[in-house]
Every structure is written in C-alpha cells, then in structure tokens.
1. Taking +1 at the Cβ of each Lys and Arg and -1 at the Cβ of each Asp and Glu, which of Q93, N69, G107 sits farthest along the dipole of the chain towards its positive end, judged by Cα position relative to the Cα centre?
2. Quick check for me: using +1 on Lys/Arg Cβ and -1 on Asp/Glu Cβ, what's the dipole size of the range 1-52 about its Cα centre, in debye to the nearest 20?
3. So for the chain, if I pair up every lysine 8 or more residues apart or on another chain, how many of those pairs have alpha-carbons under 29 Å apart?
4. In the range 1-49, with Lys and Arg counted as +1 and Asp and Glu as -1 at Cβ, which of these residues, A20, N48, A31, has the Cα nearest the positive end of the dipole, that is, farthest along it?
5. Helix-only estimate, please: 222 nm mean residue ellipticity of the chain, summing -39500 (n - 2.57) across DSSP H runs of length 4 or more and dividing by its residues, to the nearest 500.
6. Kindly express, to the nearest 10 degrees and within the range 0 to 90, the angle between helix 2-108's C-alpha long axis and the longest C-alpha principal axis of the chain.
7. Mind sorting out which of (1) -0.88; (2) -0.78; (3) -0.98 is the real log10 I(q)/I(0) by the Debye sum over Cα atoms at q = 0.17 Å⁻¹ computed from the coordinates?
Amino acid sequence: MVCESMEKVWEELKKIEAQAEQIRSEAQDKAKKMVDLSQKEAEQLLSNSSTYAEEEAQQLYSSTIQEANRNRDERLKANQVEVDKLRVQAEKQMESAIGKVVNSVIGES
C-alpha cells in the first residue's frame, strides 16, 4: 500500500515536473518572441526617426530659403525707393545745373 502511494506520488511529481518544463519552454518562447518584436519595433522607430529628421531638415531648409527670399525682396524694395528718391534729387539738381550753364553761356556771350 505504501508502495502504491509512493508510485502515485511519484507519477504526480512526474506530471508536475512535465508541466513545469512545458511552462518554462512556453515562457522562453514568449520571451524570445517579445525580444524579436522589440527589436523589430526599435528598428522601425529608428527608420521612422530618420525619415522624420529628413523631412524636418527639408522643411527647415525650405522655410529658411523663403525667409531669405522675403528679406531680399524687402531690401530690393527699400533700395528701389531710395534709388527713386536719389533720381528725383538728381533730376532737380540737373535742371538747376542746366539752368546755371545756360545762364553762364548766355551771360558770357
């Protein structure tokens, strides 16, 4: 009877050990799958961050070019206004100079 009980206990221990081995094996498989998935996700994040960095750099470059063009246009307009003012002043002085030359020629003749 004791021997039968020991065999039952022994069989039960074998079942428990087999279940424990199966649980350990499944846990290892799950852990490996999680590591693989994490690796893939990390690679995807790196790829995405590279893509986003390139897009951000392109946008920054584009906005810098646009701002430089705006500044250039503003300076060109300001320079044109100054040129127009100087032209008007030069025309007024030219009229005065012509008048002085004419008076000088007429007065000397």
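Each value in this text was obtained by applying a stated rule to the coordinates, not by laboratory testing. Computed from a prediction, not measured in an experiment: that's the story for all the values here. For neighbour counting, all protein chains shown are included, and Cβ atoms are generated from backbone atoms with ideal geometry for every residue, glycine included.
1. G107
2. On the way: 8 positive and 11 negative charges, 46 e Å.
Result for the range 1-52 is approximately 220 debye, rounded to the nearest 20.
3. Lysine pairs meeting both conditions in the chain amount to 12.
4. So the residue we want is N48.
5. -38000 deg cm²/dmol
6. That helix lies at roughly 0 degrees to the long axis.
7. The calculated read-out lines up with (3).
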